[in-house]
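Beneath this line is the structure, given in structure tokens, with notes to follow.
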Amino acid sequence: MTRLRCDRAPVWHALQSAFDDHGRNFDLRQAFAADPQRFARFSQQAPYVFGDLSKNLLDADTEQLLLRLADQCGLAAYRDAMFAGDAINNTEHRAVWHLLLRTPADAPTASAFEAAELAKVHSTLDAMLAFAEQVRADDAITDIVNIGIGGSDLGPQMAVLALQTFAHPGKRMHFVSNVDGHELAATLAQLDASRTLFLVASKTFTTIETMTNAASAKRWFAAQGGTDIARHFAALTTNVAAAREFGISTSFGFWDWVGGRYSLWSAIGLPLAIAIGAAGFRAFLAGAHAMDTHFRKAPMAANLPVRLGLLDIWYRNFHHFSSRSVAPYHSALRRLPAYLQQLEMESNGKRVDASGATLPFGTAPVPWGESGTNGQHAYFQMLHQGTDVVPVEFVAVKKPRHGLEGHHDLLLANVLAQAQALMQGKADAGGHKHFPGNRPSTLLLLDDLTPAALGALIALQEHRVFVSGALWGINSFDQWGVELGKVLAKDIAQRLHNGDASGLDGSTAGLLQMLRQP
Ligand code: F6P
């Protein structure tokens, strides 16, 4: 597999020329006026997700150049290497194989090794889903507390919320992630130990926040008179031995080839499986698999994750847009921006390429946002009239799952109106009421927010992040940048105890002394 960094591809210079020539001053309003086919040309149906990319600062010639870039960089071979289970996470020498977690048991496999891994995936999935059904049927368990952080929290939390209309009505789901004891204390205050199941979710089973919260939960359980740990605690981890040492005998495992931020499809998805049941979870996996197949098989020019990922390159490296606002017009998707922050920034927030060479261009944009219409009454002012252009990615769902009259039409009217206003603008000589317009947006439209559609939407996002990371030539699958702070926090925790400020910078030393004062 030959992989070429985007700035070393011959077509990179042609892209720069296209940007200088007509990209910088591209006008969306003129583009629509000149091309009645623009909506059709720049929209893409993928499984469960329709993408309208037509309101972006992109013309057909530039998209062709971007597709040539993907070709010259070896995107298809790199994608296939991921699907084949090659160790493309080169700094940790690991495969990136979360796709296998959503591959049907009877799918053809390319090697005996893949067949063996797939068999392990399905036996664990069957066991985990049987456990989920057992918990659902157990009326004595009313509260499920997921203790985990990062990928062991954001995915299940986002998905449980997104699919709340499918959830078992008798199970309350809680998520505790922060080492801040206020979070766990507030959760425990609502619980009855005899009716609670704690899920300790940690790939490594060493993460300090999770281990601290799990230990406190275990102490609380004992203090409430709880003795049956086997019934009230389960672990979701690749480190089953550490879970056993902690005292948990019920474990659901996964493998080192599942990255934390890609682990929602594994045992880490147990809270979702308990909420929506085994059939719902299987539908969620099937939706993701449908998107995997689209990413793998659809021609590059008709491949939604590829088209989105290439647009990300165009915006980040030529327009130099450094963020993207994510605006889900569905309140159940309100944790999507937080989920995407880990997915995109932990994956592509890198300053060196896979060989360790410093990159001469920008990488991960900052995804941020709130659900619509709330964002409109907060920061949309800046999106419409601020000095920086921020591309917006709207997510909307055609069919509501409530019966309240009028609401959904208003919601959908707002999403269309915002995209229209960003693009059209409004001339006003006075200045303050002038909207420059020509501000880009994408709309991702689902027919219905079902388990399968959510699975497809999340897999789409994983793959678009893969595409930009692939072209940037980086390793999107490690996260060394989170390590330094962890080491320093350990050291400072000791110093907070013993007051030793030696060797610290003046600010940290001063603050340490303040925090130690009674
Ligand atoms: O610190 C970052 C990180 O390693 C994430 O990548 C991961 O999702 C999170 O911590 C939690 O890790 P674990 O599941 O091992 O507790």
Suppose we keep only residues that are open to solvent by less than 20 Å² (accessible area, probe 1.4 Å) and in a loop (DSSP other than H, G, I, E, B) within segment 147-170. Which one would you say is nearest to PHE281 (Cα to Cα)?
LEU163
Can you tell me which residue in segment 1-43 is modelled with the lowest pLDDT, limited to those that are of a type in the set (Lys, Arg) and open to solvent by 40 Å² or more (accessible area, probe 1.4 Å)?
ARG3
What are the pairs with Cβ atoms under 7 angstrom where one residue, in segment 255-267, is under 17 Å from GLN479 (Cα atoms) and away from the ligand (no atom under 11 Å from the Cβ) and the other, located anywhere, is open to solvent by less than 10 Å² (accessible area, probe 1.4 Å) and part of a loop (DSSP other than H, G, I, E, B)? Sequence gap at least six, or different chains.
TRP257/VAL96; TRP257/TRP97
For ILE144, only one of the following conditions fails: (1) touching a helix residue (DSSP H, G or I) at 6+ places or on another chain (Cβ under 7 Å); (2) in a helix (DSSP H, G or I); (3) more than 16 Å from the ligand (Cβ to nearest atom); (4) in contact (Cβ under 8 Å) with a residue 60 or more places away in the chain. What is its number?
(2)
Can you list the helices (runs of 4 or more DSSP H) found entirely within segment 206-249 that contain at least 2 residues being assigned by TED's automatic domain parsing to the domain that holds GLY181 and within 11 Å of the ligand (Cβ to nearest atom)?
208-223
Do we have ALA279 as away from the ligand (no atom under 14 Å from the Cβ), free of Cβ contacts under 8 Å to residues at least 24 places away in the same chain, farther than 16 Å from ILE147 by Cβ and in a helix (DSSP H, G or I) here?
yes
Which of the numbered conditions does ALA275 fail, given that it passes all the others? Conditions: (1) more than 26 Å from TRP480 (Cα to Cα); (2) within 18 Å of the chain's Cα centre (by Cα); (3) aliphatic (A, V, I, L, M).
(2)
Select from segment 7-39 the residues that are outside any loop (DSSP other than H, G, I, E, B), farther than 16 Å from ASN317 by Cα and without any contact (Cβ under 8 Å) to a residue 12 or more places away in the chain and list them in ascending order.
GLN30, ALA33, ALA34
Quick test for you: out of LEU504, LEU512, LEU496, pick the one residue that is part of a loop (DSSP other than H, G, I, E, B), without any contact (Cβ under 8 Å) to a residue 40 or more places away in the chain and more than 16 Å from the ligand (Cβ to nearest atom).
LEU504
Check LEU411, LEU404 and return the single one that is in a helix (DSSP H, G or I) and within 29 Å of GLN157 (Cα to Cα).
LEU411
Condition set open to solvent by 40 Å² or more (accessible area, probe 1.4 Å) and assigned to a loop (DSSP other than H, G, I, E, B), scope segment 175-205, selection nearest to the ligand (Cβ to nearest atom): answer is THR204
Just give me the residues in segment 80-101 being assigned to a helix (DSSP H, G or I) and open to solvent by 20 Å² or more (accessible area, probe 1.4 Å), in sequence order.
ASP80, ALA84
Please specify each residue of segment 467-493 satisfying the condition of being open to solvent by 10 Å² or more (accessible area, probe 1.4 Å) and either among the hydrophobic types (A, V, I, L, M, F, W, C) or without any contact (Cβ under 8 Å) to a residue 12 or more places away in the chain (or both).
PHE477, TRP480, VAL482, GLU483, LEU484, GLY485, VAL487, LEU488, ALA489, ASP491, ILE492, ALA493
Exactly one of LEU444, LEU471, LEU457 is outside any loop (DSSP other than H, G, I, E, B), away from the ligand (no atom under 16 Å from the Cβ) and more than 30 Å from ALA283 (Cα to Cα), and that residue is LEU471
Within segment 314-370, considering residues that are among the acidic types (Asp, Glu) and open to solvent by 30 Å² or more (accessible area, probe 1.4 Å), the one nearest to the ligand (Cβ to nearest atom)
GLU346
Of LYS399, LYS350, which residue is more than 21 Å from the chain's Cα centre (by Cα), assigned to a loop (DSSP other than H, G, I, E, B) and either of a type in the set (Lys, Arg) or at pLDDT 95 or above (or both)?
LYS399
Return yes or no: is ASP139 exposed (fewer than 14 other Cβ atoms within 10 Å of the Cβ) and among the acidic types (Asp, Glu)?
yes
For segment 147-178, what are the residues that are among the hydroxyl-bearing types (Ser, Thr, Tyr) and either in the same structural domain as GLU344 (by TED's automatic domain parsing) or touching a helix residue (DSSP H, G or I) at 6+ places or on another chain (Cβ under 6 Å) (or both)?
SER152
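The values are calculated or read from the model by the stated rules, or taken from the named source; none is laboratory data. Here the structure is a predicted model, which is why all the values come from computation and not from measurement. Reconstructed Cβ throughout: ideal geometry from the backbone, glycine too, with neighbour counts over all protein chains shown. Accessible surface areas use protein heavy atoms only, side chains included; no ligands, DNA or RNA. Shrake-Rupley method; radii C 1.70, N 1.55, O 1.52, S 1.80 Å.
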